[in-house]
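Taking it in order: structure first as structure tokens, then the write-up.
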Amino acid sequence: MKKFLSMLLVAVLAFGMVACGSNDTPDAGNDGAGEGSDVTSVRILLPHIGDQSYMDVTANAAKLLSEKYGEAMDVQVVEMGDDEADWEPANMQAADEGHDIIISGNWQYEGAMLAVAEQYPEIKYLNFDYSSAEANSLPNVYAITYAAHEIGYLTGVVAGVKSQTGIIGGVVGQNNAGMNQFMAGYIQGAADANPEIKVIITYVGSYTDPATAKEQTQQMLTAGADIVWGCAGGSGNGVFEAVAEARKTNDTIWALGVDTDQYVSMSAQPELASTILTSGLKNCDIAITSAVTAMLEGTAPFGTQEMLGYAEGAVGLAENDYYLANMTEEELAAVKALTDKVLDGTTKVVDELAEPGVFDKYYAQYGLK
Amino acid sequence: MANIMDSFLSAGFLFIVIRVGVPLLYASMSAYVASIAGIPNIAVEGIMIFGALFGVYFSAITGSAWLGLLGVIMIGVIMALVMAFFTMKMNANPIMIGIALNLFATDFSVWLLMLWTGTKGTTATLPSKVLPTVDIPVIKDIPVIGEIISGHYFLTYVCVALAVFIYVLVYKTPFGLRMKACGLDEHAAESVGIKVNKVRLIAIIFSAILAALGGAYLSMGYMSIFSSNMTASRGWTGIAANAVGGGNFLIVVLTTVVFSFAQGIVNRLALTALPSELVNIIPYVCVMLAMIFLSIKNMQKEKSK
């Protein structure tokens, strides 16, 4: 028995060391880039990649940047791990290695980045999805964020144009201002497309409970909704499940995806993928690429924050072949007519974060009684 | 508001209650079987997660939902053996083992997900299969009743059959008596020649298979994919139902039915303008009320002694 225990202990220790080892050497082969070199050295710090969504789109910026700059840029993604305590050391290490540009941020881990950025004024930082404007006003930090309300608007326009029953749904992860920012835009977009539209919004209360999301979607479909937007992280899959079942008898029912082109990420499950008419996109990769370009050209407004929207290409709709095949010419024209107004600024999309309470106002007006 | 009240009385609503109640019943039966034999199984949630994940995985690699189901039962047995090894062989505290297995399952399932699919969210990239839904001949044509009890998932009917089986096993067979004896006083049981460890081993294996089936219900019928942490505390609700039942199987089932109704009502009310936070707590308030009821009952019992 003792022998077994000691073996176990050895195994645990060995495993632990391997695990730590792989964590601590994100960039052992740092090829001396950085100060004094012609090569611009860029690091993207993320907790993890591989979620087929937000993180992967952000990490894809590395690919876009090296395509754009080729040999002139050394860009790598560093996985910091999901343990919050590791984020500041990871930022510290990246700063010590002397890179030209460090990209990190997002509401969850911008704190770790900003704490380090303050101590390394010579390094340029890009916060790719900031939340606190005040904290991001350091002179070496350029902070961007995405117009989530415009994502909502674009998706809402498609829902409003495509709905035949005049009732659409939105299944949301949590009831908070950030999520309602999507939803206020969604209702506004749908109402612009169809002033008679009725909207049902439900909150799952969790981003990992697809079963409840499925129940809520089924209730919406029973109430007459024919387009449902799943805006609830992992729970959103429940929306696709419910719509897939309903489509067996009625193929005018559609689901909409969020953040990435979910028609593509669900493609191994054709029955689920075929429910997704289009997705509202957050193009973090494109936004980061243009932000880095601005930083290199010296036009980036350091110390300030910028919200990038549809006009900048930072958010959009997944206009894949499936979408184009399932929209008629008139429907596509109607969507374009409305979304073009966002492009040229004629339509001002309401923003729950800038104007708290606007979601409640819209929902009171267009919610299904 | 009136039509919402009407909708609670409809056949469709009862169908929904059954649909959301099945995973809860699997969980509470799992907790029940283990606890009456004297080994509390609080790893229900973790085993459910594994059941859900491995069902999807095995059905994807074998191309058959039925072989996937076999994999689910296998993973249940493996989890049971791990638990039995630590609690009975190594004399570890079953609560600690339960906590360990829950934490292990939560994170290890995500790691396996990453390994098999390259993502941490879902198994959408695996071509997994689902178990069929069953239309019961004759009954499905009866109005109202047919609407309520026909057309459910295969594992729904398995669940009902297992519930009947557990009732007969525990209350009508000598083995059931032995299980209860092991739970009440293992030394007394031993003194009359019951092999306590053997009885408990069987109980734990049975318990873990029930939990694994509850997980498979979620990912191989109700949903067609696994999504990380998709059990969303249903295992814990089952454990609470078992605690309320206090060893009486019928009360355990009844409590689970109450929780299922609460969950069905929540899903229906989600469409109304009521604040979602308030609506979402209904099942948990039911758990709390049931626990209070339970402790009042116990106190009265103590007094009357």
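Assigning unit charges at the beta carbon (Lys, Arg +1; Asp, Glu -1) and nothing else, what dipole magnitude in debye, to the nearest 20, does the stretch A:279-369 show about its Cα centre?
300 debye
With charges only on Cβ, +1 for K and R and -1 for D and E, what is the dipole size of the stretch A:188-267 about its Cα centre, in debye, rounded to 20?
140 debye
Among A:Leu256, A:Leu296, A:Leu154, which one shows the highest mean-square fluctuation when chain A is modelled as a Gaussian network with alpha-carbon springs under 10 Å?
A:Leu296
Grab the other residues whose beta carbon is less than 14 angstrom from that of B:Glu186, score K and R as +1, D and E as -1, and report the net.
Here the charged neighbours net out to +3.
Just to make sure I understand: if all protein chains stay in place, what is the order of A:Tyr207, A:Tyr125 by accessible area at 1.4 Å, largest first?
I get A:Tyr207, A:Tyr125, largest accessible area first.
List the lysines whose Cα sits under 27 Å from the Cα of B:Lys89, skipping any in the same chain fewer than 8 residues away.
A:Lys2, A:Lys3, B:Lys180, B:Lys195, B:Lys198
I want to verify a result. In a Gaussian network model of chain A, Cα cutoff 10 Å, which of these has the top mean-square fluctuation: A:Glu196, A:Glu297, A:Glu215?
So, out of A:Glu196, A:Glu297, A:Glu215, the one fluctuating most is A:Glu297.
Please grab the % of Cα pairs in the stretch B:2-304 that end up more than 34 Å from each other.
Summing the P(r) of the stretch B:2-304 above 34 Å gives 23 percent of all pairs.
In Å², rounded to the nearest 100, what is the total accessible surface buried by chains A and B against each other with a 1.4 Å probe?
2700 Å²
Between helix A:148-162 and chain A, what is the angle of the helix's C-alpha long axis to the longest principal axis, kept within 0 to 90° and rounded to the nearest 10?
Once rounded, one gets 30 degrees.
Whose amide H sits under 5 Å from the amide H of A:Val75, counting only residues 5 or more places off or on another chain, with H placed in the peptide plane?
Amide H neighbours of A:Val75: A:Val42.
Two decimals is fine: what's Rg over Rh for the stretch A:189-341, C-alpha atoms, Kirkwood radius as Rh?
Using only Cα positions, Rg/Rh for the stretch A:189-341 is 1.03.
If you line up the long axis of helix A:54-69 against the longest principal axis of chain A, both from Cα atoms, how many degrees apart are they, to the nearest 10?
Roughly 60 degrees between the two axes.
Just to compare against my own numbers: the Cα pair-distance distribution for the stretch B:9-85, 10 Å bins, whole % per bin, please.
Final binned percentages: 18, 38, 30, 13, 1.
For chain B, with a Gaussian network of springs between Cα atoms less than 10 Å apart, report the residue from B:Ala212, B:Ala203, B:Ala27 with the top mean-square fluctuation.
It is B:Ala203.
Hey, what do the phi angles of the stretch A:209-215 turn into as Karplus ³J(HN,Hα) couplings, whole Hz, using 6.51/-1.76/1.60 and θ = phi - 60°, x for Gly and Pro?
With the stated coefficients, the stretch A:209-215 comes to 10, x, 4, 5, 4, 5, 4 Hz.
Using only the Cα atoms of chain A, what do you get for the radius of gyration and for Dmax, in Å?
22.7, 77
Got a sec? Charge dipole of the stretch B:2-304, +1 on Cβ for Lys and Arg, -1 for Asp and Glu; which of B:Ser35, B:Gly183, B:Phe58 is way out at the positive end?
Working it through, the farthest residue towards the positive pole turns out to be B:Gly183.
Along the principal axes of its C-alpha atoms, what lengths does the stretch B:9-149 span, in descending order and rounded to whole Å?
For the stretch B:9-149, the Cα spread along each principal axis is 56, 40, 24 Å.
Under a no-solvent Debye model with one identical scatterer per Cα of the stretch A:136-213, what's log10 I(q)/I(0) at q = 0.14, 0.25 Å⁻¹?
-0.53, -1.09
Once you average over the residues of A:168-175, how many Cβ atoms of partner chains fall within 10 Å of each Cβ?
Across the residues of A:168-175, the mean count of other-chain Cβ atoms within 10 Å is 1.
How many Cβ atoms of partner chains, on average, are near each residue of A:228-237 if near means within 10 Å of its Cβ?
3
Determine the per residue accessible area of the stretch B:2-304 with all protein chains present and a 1.4 angstrom probe, expressed in square angstrom.
Accessible surface, normalised per residue, equals 44 Å².
Let me spell out the model: positive unit charges on the Cβ of Lys and Arg, negative unit charges on the Cβ of Asp and Glu, origin at the Cα centre of the protein assembly as shown. What dipole size does that give, in debye rounded to 20?
Computed charge dipole of the protein assembly as shown: roughly 4580 debye.
Of all the Cα-Cα pairs you can form in the stretch B:81-154, what percent are over 17 Å apart?
Value for the stretch B:81-154: 68 percent of Cα pairs lie more than 17 Å apart.
Output the relative contact order of chain A, whole-number percent, from Cα pairs under 8 angstrom with separation of 6+ residues.
17 percent
Give the relative contact order (percent, whole number) for the stretch B:2-304; include only Cα pairs under 8 Å separated by 6+ residues.
Relative contact order for the stretch B:2-304 comes out at 34 percent.
Net charge around A:Ala318, counting only other residues with Cβ within less than 12 Å of its Cβ (Lys, Arg = +1; Asp, Glu = -1)?
Counting the neighbours of A:Ala318, the net charge comes to -3.
Return a whole-number percent for the relative contact order of the stretch B:206-272, with Cα pairs under 8 Å and 6 or more residues apart as the contact set.
Taking the mean separation of contacting Cα pairs over the length of the stretch B:206-272, I get 16 percent.
Equivalent-ellipsoid semi-axes (√(5λ), Cα gyration tensor) for the stretch A:157-263, whole Å, largest first?
Taking √(5λ) for each eigenvalue gives 19, 17, 11 Å, largest first.
Cα centroids of the stretch B:234-268 and the stretch A:304-369: how far apart, whole angstrom?
If you average the Cα positions of each part, the centres end up 43 Å apart.
What average count of beta carbons from other chains do you get within 10 Å of the Cβ of residues in A:211-220?
Per-residue shielding by partner chains comes out at 6.
Where the Cα atoms of the protein assembly as shown are projected onto their three principal axes, how long is each span, largest first, in whole Å?
87, 68, 52
Hey, any idea what % of the protein assembly as shown's accessible area is carbon plus sulfur with a 1.4 Å probe?
63 percent
Using amide H atoms built in the peptide plane, which far-off residues or other-chain residues are under 5 Å from A:Leu317 H to H?
Those qualifying (amide H under 5 Å, at least 5 residues apart or on another chain) are A:Leu281.
The values are calculated or read from the model by the stated rules, or taken from the named source; none is laboratory data. Source: prediction; values computed, not measured. Positions of Cβ are backbone-derived with ideal geometry, glycine not excepted, and every protein chain shown enters the neighbour counts. Ligands, DNA and RNA are excluded from the accessible area calculation, which covers all protein heavy atoms including side chains. Shrake-Rupley method; radii C 1.70, N 1.55, O 1.52, S 1.80 Å.
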